[in-house]
Amino acid sequence: MFIQTEATPNPATLKFLPGRVVLPTGTFDAQDAEAAAGSPLASRLLGMPSVAGVFLGYDFITVTKRTGEWEQLKPAILGEIMEHFVSGAPVLAEGGAQAETDADEFFDPADQDTVTTIKDLLETRVRPAVAGDGGDITFRGFRDGVVYLNMKGSCAGCPSSTATLKHGIQNLLRHFVPAVQEVEAV
């Protein structure tokens, strides 16, 4: 098994590409052992003292470091990922992973058409680019012209995330959806 790595815009996060599907649908984000309980892979990685967070996407794993330099941390992380996949253990524990649901969203039902357009733009234009950097952005709500988004993976805590949010995503949504005035991270 050959695992590639890629830098992300967040210097504290590195993207690992195992050359296979990690999660066929959805994403999984864990910042502590309790949150990682739904994923044997995330639990294994968060068991390392230098690891502060793990994000699982379709074909990648992003790891956020707590301390240390990537040159020293990367071999141990690669080893843990490889051992996990070679063992045949599942990436997610059966029934253990909690995914965000549409029930977590908030918006006025009168804004349904606007929200549908916002979600479509996020899905087709924003999420693929953000996934390329090892993260994810999901819709959380829309109220009084403000779109609320949840930033995960390498996007959470990234120094350039504010610029991405305000200059990239906000400008895109304002261009296509006149009702959007501002974009905020939840």
Practice prompt. Residues being at pLDDT below 95 and either within 20 Å of the chain's Cα centre (by Cα) or in a strand (DSSP E or B) (or both): count how many of those fall in the stretch 66-94.
Written response: 5
Worksheet item: Which one is nearest to Glu83 (Cα to Cα) among residues in the stretch 1-34 that are in a loop (DSSP other than H, G, I, E, B) and among the aliphatic types (A, V, I, L, M)?
Response: Met1
Discussion item. Need pairs with beta-carbon distance below 8 Å; first residue among the hydroxyl-bearing types (Ser, Thr, Tyr) and within the stretch 49-69, second crowded, with 24+ Cβ neighbours inside 10 Å and in a loop (DSSP other than H, G, I, E, B); sequence gap 6+ or separate chains.
Written reply: Thr62/Gly134; Thr62/Ser154; Thr64/Ser154
Worksheet, complete the sentence: Those residues of the stretch 45-65 which are surrounded by fewer than 19 Cβ atoms within 10 Å (Cβ to Cβ) and either out of contact with any Pro (no Cβ under 9 Å at 6 or more places or on another chain) or part of a helix (DSSP H, G or I) (or both) amount to Gly47, Met48, Pro49, Ser50, Ala52
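The values are calculated or read from the model by the stated rules, or taken from the named source; none is laboratory data. Since this is a predicted model, take the numbers as computed values, not measurements. All Cβ positions, even for glycine, are placed from backbone atoms using ideal geometry, and neighbour counts span all protein chains on display.
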